[in-house]
Each structure stands twice: as structure tokens, then as C-alpha cells.
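Input: a single structure, listed below in C-alpha cells.
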Amino acid sequence: MKPAPTVILVGDSMFARMNKPLIGSLATAIGSGARVLNCAAGGSDSGDSRSAAQLLARVRPDVVLLSVGTNDCAPWKAVPENDFTDNLAAIIGAFRPAPVLALLSPAIIEIDRPGQGVRTNAAMSRYRDLVQAVIGAERSVPTNVILDGAPFPALEADGLHLTVDSYRALIPAMARLIRDRLSST
């Protein structure tokens, strides 16, 4: 009998804000007794995830689900795009042979943050495209496609973070992507 798969969530607040019930729902949706470890931290950028990957890889996960780009493109961080793609490649390398999948950053409500500037959808889109180019569209959860036209608010009042309803809508797609990778390994 195969042991229960281990899935690690790595990245920024898009995962860090997933509470215990949502993590449990994801594990249940994956099935096979999956263990989901949420190792994300709000405010993290791809460099932080790259550093964490070295340590987290020791867990030897079966699948890694990554959420980065939202903070990398923020004007107060502005991680250069070539550094961002280098970080993605290093994260993938650190977890090899486990597949690294991605939750793509959602479109946001552009809000001026005094003293910090405006995080824009144009910048978010560029970094989202880079994630797809490095990780692959077939290995990515298309957040905007799933949430487009949702009958509930997709974002919290801050215009950036996903609502609980959004997570509930995304969990089936995350679980399906993870199950597909588990069955192909």
C-alpha cells in the first residue's frame, strides 16, 4: 500500500491565509489520506520561498504547490524579472523530483498605498506569465479563470487577498491538479 502523499504549500499570503479548515478541505479533496503542510508566510517573495525550499525539501514532499509573484511585483519590493525566474528555477530544483505546481496570483483591486505605491494588475500579469512560462500552464491553477464571474466577492476588502469563498472555489482545481501529478509519478 502506498503511503499517504505529502503536499507542501510554499509562498506568500495567498496560502498563508488558508486556515486549518480550508487546509483540511484541500487534503480531503486530494484524497488518499493526503497530508497538507502549509509553509507559506505573508509578505514572502520568491527569494524567501527559494531560501525556504532548501530546508523544506528535506521533508521529501510528493507535490509542492507554490504561490509567488504577488509580492515580487509590488513596487516596494520590485524583484527583477530575471531574478524572479531564477528563484523559480531554484525552487523547482530544490524540490526535485517532486513536481512543483502553481496557484496563479489573482487580478487585484489597484489601491494606492501611501509611501509604497500601487501594485498594478499589469505587473501582476507579467509575473503571472513568468510563473506559467517556468512552471507550465498545465501545472498551474488559473485563479482568474475560476473566479471570473463568481457569485461572491473574490477579494477581501484590502483588494488583494482571496476570500474564504474564493478558496472554496479554488480547492477543487488545486486538488485535481495535485491528484493528476500524484497519479503520474
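Here are the numbers:
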| read-out | value |
| --- | --- |
| Under the Karplus curve 6.51 cos²θ - 1.76 cosθ + 1.60, θ = phi - 60°, whole-Hz ³J(HN,Hα) for the range 32-37, x wherever Gly or Pro sits | 6, x, 3, 9, 10, 9 |
| Under-5 Å amide H pairs with residue 36, H placed in peptide plane, nonlocal only | 7 |
| Highest-fluctuation residue, 55, 170, 130 considered, GNM on the chain with Cα pairs under 10 Å | 55 |
| Amide H contacts of residue 102 (H built 1.01 Å from N, under 5 Å, at least 5 apart or other chain) | 66, 140, 141 |
| Relative contact order, percent, the chain [alpha-carbon distance under 8 Å, six or more residues apart] | 23 percent |
| Ordering of 84-97, 10-23 by burial proxy (mean other Cβ atoms within 10 Å per residue, highest first) | 10-23, 84-97 |
| Only Lys, Arg (+1) and Asp, Glu (-1) charged, at Cβ; the chain dipole about Cα centre in debye | 800 debye |
| Computed label-point distance, nm, for sites residue 85 and residue 184 using a 7 Å Cα→Cβ extension | 2.2 nm |
| Degrees separating the helix 121-135 axis from the principal Cα axis of the chain, which is the longest one | 30 degrees |
| Theoretical ellipticity at 222 nm over the chain - DSSP helices of four or more residues, -39500 (n - 2.57) apiece, nearest 500 | -13500 deg cm²/dmol |
| Extension gain (nm, one decimal) between residue 51 and residue 76, 0.36 nm per residue minus Cα-Cα | 7.0 nm |
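All of the numbers you see were taken from the coordinates with simple rules; none came from a lab. None of these values were measured; they are calculated from a predicted model. Every residue, glycine as well, gets a Cβ built from its backbone with ideal geometry; the counts of neighbours run over all protein chains shown.
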